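The values are calculated or read from the model by the stated rules, or taken from the named source; none is laboratory data. Please read all numbers here as calculations on a predicted model, not as lab measurements. Please note: Cβ atoms are built from the backbone with ideal geometry, for glycine as well, and neighbour counts cover all protein chains shown. Protein only, heavy atoms only, side chains kept; ligands, DNA and RNA dropped before computing areas. Shrake-Rupley method; radii C 1.70, N 1.55, O 1.52, S 1.80 Å.
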Amino acid sequence: GTTLGGAAAEKGRYFGTATDPHMFSNSAYMTVLNREFNQLTNENGMKWDATEPQRNQFNWARGDQLVAHAQARGMRVRGHALLWHAQQPGWAQNLSGSDLRSAAINHVTQVASHWRGKIYAWDVVNEAFADGGSGGRRDSNLQRTGNDWIEAAFRAADAADPGAKLCYNDYNTDGINAKSTGIYNMVRDFRARGVPIDCVGFQSHLGTSVPGDYQANLQRFADLGVEVQITELDVQQGSNQANIFRTVTRACMAISRCTGITVWGVRDCDSWRTGQNPLLFDCNGNKKPAYDAVLAEL
Ligand code: XIL
């Protein structure tokens with residue numbers, strides 16, 4: 001393979017990027033996107049604030065545009081994200097209790113139903129666990145509706161789009177630590193009780209190092225029978241950047257249930273991590289050393 005997507009496909013996997021339809025008119029950007037990637041994640045346009053700006057009034061425009069582009073080119077779509085404590089519309093931020101719970105489940109049902117059959121994997125719940133040593137849930141308006149909100153969301157997503165793989169997605173889960181172990185225990189419990197979960201996403205927003213047990217951590221989740229996916233990969237620029245991209249790619253390729261890698265943007269200047277140049281292409285769309293390191297591992 002001479003492109004990221006092509007090389008990944010030869011190994012039965014995908015290689016994707018976050019993008020947003022407002023970039024689709026930028027031809028320099030689209031040249032790289034269309035050449036290199038065979039999976040797209042909407043960076044912002046499928047989030048709660050974008051899709052349901054007023055209660056029960058849905059805006060599908062950005063997501064529809066992204067799905068159409070992906071379908072026309074045979075790219076998979078990761079849906080991101082049905083429920084999250086961040087980027088909620090104001091009306092939802094002002095709800096609580098059973099009213100918020102029913103609004104959240106309605107959101108899951110409406111959004112997953114709208115794109116039924118078109119999404120490879122949904123991030124059903126994003127970032128619900130706390131950082132630090134507790135291994136427990138993050139406090140949020142959703143968490144305060146009851147600890148069972150996550151399984152309720154997965155059951156609603158499964159009912160709305162039974163063909164999509166349903167994922168839990170989080171960050172700071174790059175090694176075996178209290179947070180990743182808390183998530184591991186939840187996934188093990190869901191599998192044991194038949195709560196429909198198919199995959200775990202590891203965002204992998206990395207600094208200047210990667211934990212030595214990155215692969216072992218992915219493997220323990222894969223051993224629960226779920227797919228694992230690298231969902232938002234970016235790595236702070238520094239002398240180790242290419243090596244860290246190599247380590248992450250190698251770890252995924254070594255695990256049969258690791259089905260794909262998504263980088264969180266195309267070119268350094270497209271990144272949400274302003275000034276950190278954390279991606280595989282420079283601002284002119286030229287391949288960086290990290291690109292060659294990744295391609296060699298696919
Ligand atoms: C980020 C986007 O990249 C930014 O454009 C936006 O302003 C904030 O959200 N974890 C996630 C992603 O799951 O949705 C976030 O994306 C980055 C962190």
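I'd like the residue in region 39-53 that is out of contact with any helix residue (DSSP H, G or I) (no Cβ under 7 Å at 6 or more places or on another chain) and within 24 Å of residue 201 (Cβ to Cβ) and, out of all such residues, is farthest from the ligand (Cβ to nearest atom).
39
Please find, within region 76-91, the residue that is nearest to residue 160 (Cα to Cα) out of those that are surrounded by 21 or more Cβ atoms within 10 Å (Cβ to Cβ) and free of Cβ contacts under 8 Å to residues at least 60 places away in the same chain.
Looking at the filtered set, the residue picked out is 77.
Please indicate, with yes or no, whether at least one residue in region 58-68 is of a type in the set (A, V, I, L, M), open to solvent by 10 Å² or more (accessible area, probe 1.4 Å) and touching a strand residue (DSSP E or B) at 6+ places or on another chain (Cβ under 6 Å).
No: region 58-68 contains no residue that is of a type in the set (A, V, I, L, M), open to solvent by 10 Å² or more (accessible area, probe 1.4 Å) and touching a strand residue (DSSP E or B) at 6+ places or on another chain (Cβ under 6 Å).
Name the single residue, out of those in region 59-89 being within 16 Å of the ligand (Cβ to nearest atom) and assigned to a helix (DSSP H, G or I), that is nearest to residue 260 (Cα to Cα).
My answer is 66.
Would you check if residue 176 is under 22 Å from residue 264 (Cα atoms) and either among the hydrophobic types (A, V, I, L, M, F, W, C) or under 19 Å from the mean Cα position of the chain (by Cα) (or both)? Before the answer, list the steps.
Numbers: under 22 Å from residue 264 (Cα atoms): no; either among the hydrophobic types (A, V, I, L, M, F, W, C) or under 19 Å from the mean Cα position of the chain (by Cα) (or both): yes.
For residue 176, the condition - under 22 Å from residue 264 (Cα atoms) and either among the hydrophobic types (A, V, I, L, M, F, W, C) or under 19 Å from the mean Cα position of the chain (by Cα) (or both) - is not met.
Can you tell me which condition residue 74 does not meet? The list is (1) touching an Asp or Glu at 6+ places or on another chain (Cβ under 6 Å); (2) at positive phi, and all the others hold.
All conditions are met except number (1).
Which of the residues spanning region 14-42 are open to solvent by 30 Å² or more (accessible area, probe 1.4 Å) and not hydroxyl-bearing (Ser, Thr, Tyr)?
22, 23, 24, 26, 28, 34, 35, 38 - these are the residues of region 14-42 that are open to solvent by 30 Å² or more (accessible area, probe 1.4 Å) and not hydroxyl-bearing (Ser, Thr, Tyr).
Can you tell me which residues in region 18-38 are part of a helix (DSSP H, G or I) and more than 16 Å from the ligand (Cβ to nearest atom)?
The answer is 27, 28, 30, 31, 32, 34, 35, 36.
Tell me, which residue of region 255-287 that is open to solvent by 10 Å² or more (accessible area, probe 1.4 Å) and in contact with a helix residue (DSSP H, G or I) (Cβ under 6 Å, 6 or more places away or on another chain) is nearest to residue 222 (Cα to Cα)?
Here the residue is 257.
When you check residue 172 against the structure, is it without any contact (Cβ under 8 Å) to a residue 40 or more places away in the chain, touching a strand residue (DSSP E or B) at 6+ places or on another chain (Cβ under 9 Å) and surrounded by fewer than 20 Cβ atoms within 10 Å (Cβ to Cβ), yes or no?
Answer is no for this residue.
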